[in-house]
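Every number in this text was worked out from the coordinates using simple rules, so none of it is lab data. Worth saying up front: this structure is predicted, and the values here are computed from it rather than measured. For neighbour counting, all protein chains shown are included, and Cβ atoms are generated from backbone atoms with ideal geometry for every residue, glycine included.
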Amino acid sequence: MRIGINCGHTVSGQPGCGAVGRIDESVETRSVGKELIKIFEAKGHAVYDCTNDYASSTSENLATIVAMAERQPLDLFVSIHFNAGGGKGTEVYTYGGKAFDEAVNVCKGLAALGFRNRGVKDGSSLYVVRRTSARAMLIEVCFVDTDDAEKYRSIGYRRVAEAIYAAITNDTAAIPASASGNSADTAVIVNELKSLGILSNTDLWIRYCGKDSNIYWFCRKLRDYAYAKEKGETAESEYGEINDIAWDLNYRGVISDMMLWEKYMRNDTNVYWLLRKGLHWCRTH
Ligand SMILES: [Zn+2]
């Protein structure tokens with residue numbers, strides 16, 4: 001299949017960026033979309049990344065996306081988005097609301113993960129649906145500003161991407177490990193977290209890290225944060241280390257936009273989220 005995949009919007013904080021609620025649309029469209037690209041590539045499909053990170057306006061972002069999609073003939077164009085405005089569930093927009101198999105199956109596949117199925121809707125007014133020559137669908141995975149966000153976090157972007165892949169292709173065979181970005185240093189990180197007294201059951205955590213790269217990422221960040229604290233340094237002051245971390249995470253396919261993540265790592269919000277989530281996870285698992 002020749003597929004064009006667009007991680008919706010520009011990167012966070014830029015003109016044309018996505019909605020921000022309990023999660024950040026621009027960040028999550030990239031987590032899901034880049035993972036989806038990796039899965040399609042690992043399965044031998046021709047994938048065209050139609051993502052535009054920086055634009056001067058929303059309309060420039062949309063025009064750039066469509067231009068990228070139109071550079072080659074495609075069997076399908078998929079734009080990944082997250083909804084906002086207080087609702088729950090998944091919906092897929094197509095031209096004229098046409099309920100073609102891939103669109104219907106994406107709704108069903110994401111509903112099977114626990115999101116409400118809001119169905120296939122008319123996306124004729126959406127620029128990237130209207131202006132692309134290929135069959136197109138815009139997926140609103142879930143809402144960024146309701147309980148959907150927590151549901152999405154616990155499911156993880158990888159399972160969302162895998163569900164979208166299976167829905168589009170009807171291929172339910174296992175995703176090759178090379179697509180998942182698993183790391184050989186998981187055991188090292190988990191054992192370090194144990195030595196820091198942050199967790200105790202290393203077998204359990206190694207298993208979790210292998211299953212979900214969000215958790216791997218979290219363990220890695222927590223380890224680095226804890227070490228920085230032990231040394232009496234703040235994570236924010238470790239600019240060199242932040243560069244290294246961003247590069248490494250990018251290399252492993254956990255993140256796609258290094259500049260964006262470096263910026264996040266330099267402010268405390270992310271670290272706060274990390275610690276809050278970590279505490280919650282430790283208490284409930
Ligand atoms: Zn959007």
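List of remarks:
- Counting Cα-Cα pairs of segment 1-71 in 10 Å increments starting at 0 gives whole-percent bin shares of 23, 47, 26, 4.
- Local charge for ALA161 was computed over the other residues whose Cβ lies under 10 Å away, with Lys and Arg +1 and Asp and Glu -1, and equals +2.
- With a simple spin-label model that places each label point 7 Å from the Cα along the Cα-to-Cβ direction, the separation between TRP247 and GLU262 comes to 1.0 nm.
- Kirkwood Rh, angstrom, segment 2-169 [1 / mean 1/r, Cα pairs]: 15.4 Å
- Linear extension gain, VAL20 paired with LYS98, 0.36 nm per residue minus alpha-carbon span: 25.2 nm
- Formal net charge of residues neighbouring GLU70 (Cβ-Cβ distance under 15 Å; K, R +1; D, E -1): +3
- With a threshold of 23 Å on the Cα-Cα distance, the over-threshold entries among LYS88/LYS211; LYS34/LYS263; LYS108/LYS151; LYS34/LYS98; LYS88/LYS121; LYS151/LYS211 are LYS88/LYS211; LYS34/LYS98.
- Using R0 = 22 Å, the C-beta based FRET efficiency linking SER59 and SER124 works out to 0.80.
- Hypothetical label at ASP171: residues of segment 77-100 whose amide nitrogen lies under 17 Å (7 Å Cα-Cβ projection): 77-78
- Note on LYS211 and LYS194: their simple-model spin labels are 1.9 nm apart, each label 7 Å out from Cα toward Cβ.
- Label-reachable residues, segment 1-36, where backbone N falls under 16 Å from a point 7 Å from ASP147's Cα toward its Cβ: 22
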